[in-house]
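Report on the following structure.
Derivation of every value follows stated rules applied to the coordinates shown; laboratory data play no part. Please read these numbers as outputs of a predicted model, since none were measured by experiment. Here Cβ is always computed from backbone atoms with ideal geometry, including for glycine, and neighbour counts include all displayed protein chains.
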Amino acid sequence: MNGLIKLDALDRRIITLLQQDASLSNAELAERVGSTGPSCWRRIRLLEEAGVLGRTIRLADQIKLGHGVNMLCNVRMRTFEADSVAAFETFVQAEPRIMECFSMSGDWDYLLRVVATDVADYETFLMQRLVKHPSVAGASSHLALRVAKYQTAIPVA
């Protein structure tokens, strides 16, 4: 099984609209998708139970919150022993400035997106936290000049 959930057209419209604006009331959402309030509510609950819809959040503007620097950081591990990988991923989960972490194939083992107030703030994080982690063998950083695209909505086919 590939884990895909069978969605009908109404489910797809609900998911698309909720990804654009999760603050819509159930009545507003039902009206926009051409359904009734109770039907819409039941479908949302089923989509949540199936794991298609996760928690409801509000997106914050990182620049207005003082984190205008995005760094992309490649990380190389010392070893791939299970406890070493688990310790690194626990560190990543606990570090609030690491926004995303991808396990990679190729020359580097992980790719992190790290936010910082400025380059000096990132350097402090890099030198005092990341490369001092016992699981990390090395890192390479890339400064993102600007964000050309940022999207949170997954395409709903």
ask   = Under a point spin-label approximation (7 Å from Cα along Cα-to-Cβ), what is the Ser39-Arg78 distance to one decimal in nm?
value = 6.0 nm
query = Against the longest alpha carbon principal axis of the chain, how many degrees, from 0 to 90 and to the nearest 10, is the axis of helix 9-20 turned?
reply = 50 degrees
ask   = Which value in nm describes the separation of the simple spin-label points at Ile154 and Glu100, placed 7 Å from the Cα toward the beta carbon?
value = 1.4 nm
message = Run the numbers for Val119 and Asp107: contour at 0.36 nm per residue of separation, minus the present Cα-Cα distance, in nm.
response = 1.8 nm
request  = Using log10 I(q)/I(0) by the Debye sum over Cα atoms at q = 0.09, 0.21 Å⁻¹ as the read-out, say which of (i) -0.68, -1.26; (ii) -0.45, -1.21; (iii) -0.29, -1.50 was calculated from these coordinates.
outcome  = (ii)
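For region 1-86, what class follows from the C-alpha gyration tensor (a ≥ b ≥ c being the square roots of its eigenvalues): rounded when a/c is under 1.5, otherwise prolate if a/b is larger than b/c, else oblate? Spell out each step's value before the answer.
Working: a/c = 3.50, a/b = 1.64, b/c = 2.13.
In terms of gyration-tensor shape, oblate.
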request  = Go through region 82-98 residue by residue and turn each phi into a ³J(HN,Hα) via Karplus (6.51, -1.76, 1.60, θ = phi - 60°); whole Hz please, and just put x for glycine and proline.
outcome  = 3, 5, 5, 4, 4, 5, 5, 5, 5, 4, 4, 4, 7, 8, x, 7, 7
Which of Arg113, Arg13 has the fewest Cβ neighbours within 10 Å, and the rest in rising order = Arg113, Arg13
remark   = Distance in Å, no decimals, from the C-alpha centre of region 62-102 to the one of region 109-127 is 9 Å
ask   = Hey, what number do you get for the chain at 222 nm if only DSSP H runs of n ≥ 4 count, each worth -39500 (n - 2.57), divided across all residues, to the nearest 500?
value = -10000 deg cm²/dmol
query = Which Cα, out of Leu126, Ser25, Ala86, lies furthest along the positive dipole direction of the chain (beta carbon charges, K/R +1, D/E -1)?
reply = Ser25
query = What spacing in nm lies between the two simple spin-label points modelled at Ser141 and Ala27, each 7 Å away from Cα in the Cβ direction?
reply = 5.2 nm
